[in-house]
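Reviewing the structure listed below.
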Amino acid sequence: MINRKIEDALNAQINAEFWSAYLYLSMAMKFEAEGRAGIANWFRIQFKEEQAHAEIFINYLVQRGGRVILKAIDAVPTEWDSPLAAFEATLAHEEKVTAMINNLYAIAEAEHDYATRGKLDWFVAEQVEEEETAQGLIDRLKLIGEDGLALYMLDQELAQRVYNVPSPLAQA
Ligand code: MG
């Protein structure tokens, strides 16, 4: 059985992962409305990944005999001035998520819950990737600047992104 403090912290993280999913779906819808189908596709996949993150924590909490409590998902922004602004908001958000995962890790250590700490290792690595990917797209959008053709080509490229089930779910 999992201790109450860890259970509460994991429930808060589940809510945060769903908020992330909602944020990225909102970004996807913004770019669908602008005819940027590739950028929208990229954010739709991001949305699915965040749902998967929530599901990984849900499955883990169930496995540990905890109780999953689903709370309201706060409203998300709906407007960004440009693709660059959206990816900058993505990076800022992922940096916050990294801090949340690190905080969970610290709680797991303080509570001597090494199973939870181990479960978080995958998320620690995942956050490195999330930040790297967002930063890479920011760098490219800064190079693109006002070049419409270059932005069109990036949109075409992002249309190719496909969803892969994250490994902790694929193994489940
Ligand atoms: Mg996540």
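Data for the structure
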{"item": "Residue in the stretch 46-68 that is farthest from the ligand (Cβ to nearest atom), counting only those that are hydrophobic (A, V, I, L, M, F, W, C) and surrounded by fewer than 17 Cβ atoms within 10 Å (Cβ to Cβ)", "result": "VAL62"}
{"item": "Test for ALA40: is it hydrophobic (A, V, I, L, M, F, W, C) and closer than 18 Å to ASN164 by Cβ", "result": "no"}
{"item": "Given (1) open to solvent by less than 40 Å² (accessible area, probe 1.4 Å); (2) more than 24 Å from ILE39 (Cα to Cα); (3) within 19 Å of the chain's Cα centre (by Cα); (4) in contact (Cβ under 8 Å) with a residue 40 or more places away in the chain, number of the condition LEU120 does not satisfy", "result": "(4)"}
{"item": "Test: residue in the stretch 17-39 that is away from the ligand (no atom under 15 Å from the Cβ), in contact (Cβ under 8 Å) with a residue 60 or more places away in the chain, open to solvent by 10 Å² or more (accessible area, probe 1.4 Å) and in a helix (DSSP H, G or I)", "result": "yes"}
{"item": "Among the candidates ALA75, ALA159, residue that is touching a Gly at 6+ places or on another chain (Cβ under 8 Å), under 30 Å from GLY35 (Cβ atoms) and more than 16 Å from the ligand (Cβ to nearest atom)", "result": "ALA159"}
{"item": "Residues located in the stretch 88-111, provided they are more than 16 Å from the ligand (Cβ to nearest atom) and either under 18 Å from the mean Cα position of the chain (by Cα) or assigned to a loop (DSSP other than H, G, I, E, B) (or both)", "result": "GLU88, GLU111"}
{"item": "Failed condition for VAL165, given (1) among the aliphatic types (A, V, I, L, M); (2) under 14 Å from the mean Cα position of the chain (by Cα); (3) in a helix (DSSP H, G or I)", "result": "(3)"}
{"item": "Sole exception among (1) free of Cβ contacts under 8 Å to residues at least 40 places away in the same chain; (2) surrounded by fewer than 17 Cβ atoms within 10 Å (Cβ to Cβ) for GLN127, by number", "result": "(2)"}
{"item": "Residue pairs meeting the criteria (Cβ under 7 Å; at least 6 apart or on separate chains; first closer than 19 Å to THR90 by Cβ, in the stretch 141-163; second basic (Lys, Arg))", "result": "LEU154/ARG140; ASP155/ARG36; TYR163/LYS48"}
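The values are calculated or read from the model by the stated rules, or taken from the named source; none is laboratory data. Small disclaimer: the values here were computed from a predicted structure and weren't measured. As a convention, Cβ positions derive from the backbone with ideal geometry for all residues, glycine included, and neighbour counts pool all protein chains shown. Quick note on the areas: whole protein, heavy atoms, side chains included, nothing else; ligands and nucleic acids left out. Shrake-Rupley method; radii C 1.70, N 1.55, O 1.52, S 1.80 Å.
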